[in-house]
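Working notes, structure below.
The values are calculated or read from the model by the stated rules, or taken from the named source; none is laboratory data. Note that this is a predicted model, so its numbers are computed, not measured. Note that we place each Cβ from the backbone using ideal geometry, even for glycine, and neighbour counts take in every protein chain shown. For accessibility, only protein heavy atoms count, side chains too; no ligands or nucleic acids. Shrake-Rupley method; radii C 1.70, N 1.55, O 1.52, S 1.80 Å.
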Amino acid sequence: MTMNAVMTDEASERRRRAEAALAEKPDGVVEAIAGKAEVTPAEILAILPPGAAIPAPAESFNAIWDELRSWGEILMIVQTPDIVFEVAGTLPEGSEGHGWFNIHGDSPIGGHIKKEACVSIAFVDRTFHGRRSLSVWFMNAGGSAMFKIFVRRDAQKELLAPQVARFEALRDSFRA
């Protein structure tokens with residue numbers, strides 16, 4: 001068996017596991033689905049129904065960040081195997097220095113992002129636990145989200161219409 005055949009067989013097996021895990025819990029947490037299938041979150045995003053995960057190039061990081069800053073209060077999530085950290089706030093302006101994208105301002109969201117670790121950005125529109133969920137995922141080379149920005153919900157748990165419109169317009173600007 002050639003090396004290419006082995007790689008193709010492995011890719012096929014990974015995709016089969018991903019599809020089976022997604023079929024079992026189609027509106028579940030992407031990272032949990034990926035963990036069950038022993039694949040990356042990026043591999044799960046890649047097999048969502050057409051239009052559910054629209055990619056954008058990493059070179060669009062600054063333009064996307066600047067647009068997200070105009071949305072008002074968003075929900076930023078950073079997820080590791082050990083924690084899901086959620087922070088609501090407005091995105092501060094970013095500046096680059098010392099190899100980092102530095103964000104500080106009048107917001108609870110602040111810190112430093114290793115921007116060059118971002119290899120792609122995905123606009124994700126899918127059902128999550130029975131409700132539509134809209135988010136922007138900044139992805140690293142390992143196939144995981146560095147962080148995610150979510151459209152907020154109102155007191156009735158409905159997505160905020162102005163943010164939905166902005167999400168859809170920004171996402172649609174990256175459709176092929």
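How many angstrom lie between the Cα centre of segment 105-144 and the Cα centre of segment 24-77?
After rounding, the separation between the Cα centres reads 6 Å.
Estimate the FRET efficiency between A161 and S70 by the formula 1/(1 + (r/R0)^6), using the beta-carbon distance for r and 22 Å for R0, to the nearest 0.05.
The formula returns an efficiency of 0.90 here.
Keeping all protein chains in position, work out how much accessible area W137 exposes to a 1.4 Å probe, and write it in Å² to the nearest 10.
10
Pop the C-beta distance of N62 and S133 into the FRET formula with R0 = 22 Å and round what comes out to the nearest 0.05.
That pair, N62 with S133, gives E of 0.30.
Give me the percent of accessible area attributable to carbon and sulfur for the chain, probe 1.4 angstrom.
Values: 5340 of 9650 Å².
Here carbon and sulfur together make up 55 percent of the probe-accessible area.
Going by amide H atoms built from the backbone, whose H comes under 5 Å of the H on V119, apart from near neighbours?
M139, N140, A141
What nm distance separates the two modelled labels at W100 and A23, each placed 7 Å from Cα along Cα→Cβ?
4.6
Using a 1.4 Å probe, what is the accessible area per residue for the chain, in Å²?
Value for the chain: 55 Å² per residue.
Of the labelled options (1) 58, 43, 36; (2) 46, 33, 29; (3) 60, 30, 27, which one gives Cα extents along the principal axes in Å as computed for this structure?
(1)
Quick one: length gained pulling A141 to H112 fully straight, 0.36 nm per residue minus the C-alpha distance?
8.6 nm
Can you compute 3J(HN,Hα) from phi for each residue in segment 129-136, using the Karplus curve 6.51 cos²θ - 1.76 cosθ + 1.60 with θ = phi - 60°, rounded to whole Hz and x for Gly and Pro?
6, x, 10, 5, 10, 10, 8, 10
So what J values fall out for segment 78-84 if you push phi through Karplus, 6.51 cos²θ - 1.76 cosθ + 1.60 with θ = phi - 60°, rounded to Hz, Gly and Pro as x?
Working through the residues one at a time gives 10, 10, 10, x, 9, 7, 10 Hz.
Would you kindly state the longest site-free stretch of the chain, with sites defined as GluC sites (Glu not before Pro) in a DSSP loop (not H, G, I, E, B) surrounded by at most 14 other Cβ atoms within 10 Å?
94-157
Kindly write out, for segment 11-18 in residue order, the coupling ³J(HN,Hα) from the Karplus curve 6.51 cos²θ - 1.76 cosθ + 1.60 (θ = phi - 60°), rounded to whole Hz, with x marking Gly and Pro.
Once rounded to whole Hz, the list reads 4, 5, 5, 4, 5, 4, 5, 4.
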